[in-house]
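Enquirer: Got a structure here, written out as structure tokens. Questions coming.
The values are calculated or read from the model by the stated rules, or taken from the named source; none is laboratory data. Just so it is clear, the model here is predicted, and its values are computed rather than measured. Here the Cβ is made from the backbone with ideal geometry for all residues, glycine too, and neighbour counts use every protein chain on show.
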Amino acid sequence: MAIKEVQMPNLGESVTEAAVSQWLVQPGDKVKRYSPLMEVVSDKVTTEVPSDFDGTVKELLIDLDTDVPIGTVVMTLEIEGKADEGAVETDAAQAQSAGQLPTSAAEASTSKETSGPVTIAQAAKPIKQGENASRYSPAVLKLAQEKGVDLAEVTGTGNAGRITRKDVLNFTPGTAVKTTGQPTTPVQPEPVSHTPVSTPAPTHVSTDTRETDTRVPADGIRKAIAKKMVQSATEIPHAWMMVEADVSNIVSLRNKLKGEFKEQEGISLSFFPFFAKAVVQALKKNPKINTSWQDGMIVYHKDINLSIAVTTEDHLYVPVIHQADTYSLAGLAKEIQRLATEVRTGALASTDMQGGTFTINNTGSLGSVQSMGIINYPQAAILQVESINKRVVPTADGGMKVADMINLCLSIDHRILDGQQGGKFLNDIKTNLARFSNESDIY
């Protein structure tokens, strides 16, 4: 018998630490190679970590929700034979070196046989997840989709009733007590994009004789968001500015083409892709906006990787459209829809959360007319696209007209950018928005 150490895996570019959000095994449990051992969470990704060996769980070495450096030994396994790390190169080790970690044997096999992102059709395959959908890990959601299992009918054997992959694999329809659940509704891109995690049960805290208050521990994702927001707010000196833009032309064009676009492309044409395209075009003309601060130096990023803010009921994710300047407006619409769908189904790949260089946030879909965004660290700026409202505005000839107006709110890192650069960037976005006038601008 030999002892094998299990380390905190490499979760991707620039990720230096992570935490275990849930143990999926306990000391004494027998595990097979590729069986999930734990869920780990960082500010970029949440994933299940599989075992590299057949063996028995020996010790759990760190506390839950405690950040530790990548490479820290987090648990040990007792395995048959001699653990010769130099002679064994596992699929999991190979995946770690690439910054991607398969969560099961099936997923490891799939990653070798297929390439490219999950399609919208695959991500949006209807599964009844119920009101506890946020409790399901990405591996469980994926397996349930593949097998057509209604997770609302599965009884979880994990911590606090958590459904594990083993529960899905062993599930036979009609053998479990059905829990209350509703089918998921069609996903639409929304603002402010990863993998759902469980929400701990509320712990009642008595503050007075009425006992009206409760205290709920933050889950791993919320802690990661909190850490990143505090880092941004404390390290980045934020400055804020706003311009208003007349987008009557976009409202008219979108209303004219939305039916045809839906029929041809299979997705709805929202206003958001128009703003994403205008922002990308403005970033090309204003490369200093597409930067970050690093050890006293300004890093100019070669690619324009557009982060888009996406919310679930409990969490905020910021998935990335890589090389966004290579997409047409229609292409951006499809990619925004894909990322939003995969965020909410737990199918988003870790690579889709990495490498963002500028963030755009569709706060207008919530009815907001003015807001100040916290910069997505370590980027240099974030744009809030507010709601479109009809207003009476003056015309160039001294008259008045009713126009579709919108506020564009920009937060900038004042270490890198000043009001001059921010103002020029916003005015370039306004100019780009005014150019959308016919169907050829969509493609």
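Enquirer: If ASN249 satisfies all but one of (1) modelled with pLDDT under 95; (2) farther than 23 Å from ILE236 by Cα, what's the number of the condition it fails?
Expert: (1)
Enquirer: When the residues of the range 326-348 are narrowed to those that are in contact with an Asp or Glu (Cβ under 8 Å, 6 or more places away or on another chain) and surrounded by fewer than 23 Cβ atoms within 10 Å (Cβ to Cβ), which ends up nearest to ALA278 (Cα to Cα)?
Expert: Looking at the filtered set, the residue picked out is LEU329.
Enquirer: A further question follows. Among the strands (runs of 3 or more DSSP E) contained in the range 1-81, which hold 3 or more residues that are touching a helix residue (DSSP H, G or I) at 6+ places or on another chain (Cβ under 7 Å) and within 26 Å of VAL318 (Cβ to Cβ)?
Expert: 17-23, 46-50
Enquirer: Here's a follow-up. Report yes if LYS258 is among the charged types (D, E, K, R), farther than 30 Å from ASP67 by Cα, modelled with pLDDT of 95 or more and part of a helix (DSSP H, G or I), otherwise no.
Expert: No.
Enquirer: Looking only at the range 209-244, how many residues end up being part of a helix (DSSP H, G or I) and of a type in the set (D, E, K, R)?
Expert: 5
Enquirer: Taking the residues in the range 293-322 that are among the small types (Gly, Ala, Ser) and under 14 Å from the mean Cα position of the chain (by Cα) as candidates, determine which candidate is surrounded by the most Cβ atoms within 10 Å (Cβ to Cβ).
Expert: This residue is SER307.
Enquirer: Hey, another quick one. Among the residues of the range 307-346 satisfying the criterion of being part of a strand (DSSP E or B) and not hydrophobic (A, V, I, L, M, F, W, C), which is modelled with the lowest pLDDT?
Expert: Top of the filtered list is THR311.
Enquirer: Which one of the conditions (1) modelled with pLDDT of 95 or more; (2) buried (at least 18 other Cβ atoms within 10 Å of the Cβ) does ILE267 fail to meet, given that it meets all the rest?
Expert: Going through the list (1) modelled with pLDDT of 95 or more; (2) buried (at least 18 other Cβ atoms within 10 Å of the Cβ), ILE267 breaks only (1).
Enquirer: Out of PRO378, PRO394, which single residue is farther than 27 Å from LYS228 by Cα, in the same structural domain as ASP314 (by TED's automatic domain parsing) and of a type outside the set (Ser, Thr, Tyr)?
Expert: Within the list PRO378, PRO394, the selection yields PRO394.
Enquirer: How do the strands (runs of 3 or more DSSP E) wholly within the range 357-420 filter down when requiring 1 or more residues that are small (Gly, Ala, Ser): which remain?
Expert: 381-385, 400-413
Enquirer: Of all residues in the range 400-432, which are within 23 Å of PRO237 (Cβ to Cβ), in contact with a strand residue (DSSP E or B) (Cβ under 7 Å, 6 or more places away or on another chain) and acidic (Asp, Glu)?
Expert: ASP413
Enquirer: Which of the numbered conditions does LYS277 fail, given that it passes all the others? Conditions: (1) closer than 28 Å to ARG222 by Cα; (2) of a type in the set (D, E, K, R); (3) surrounded by 17 or more Cβ atoms within 10 Å (Cβ to Cβ).
Expert: LYS277 satisfies every listed condition except (1).
Enquirer: Quick check on the range 264-287: of everything there that is of a type in the set (D, E, K, R) and closer than 14 Å to ILE336 by Cβ, which residue is nearest to the chain's Cα centre (by Cα)?
Expert: The residue in question is LYS277.
Enquirer: Moving to a separate point now. Given (1) buried (at least 22 other Cβ atoms within 10 Å of the Cβ); (2) modelled with pLDDT of 95 or more, where does THR431 come up short, assuming only one miss?
Expert: (1)
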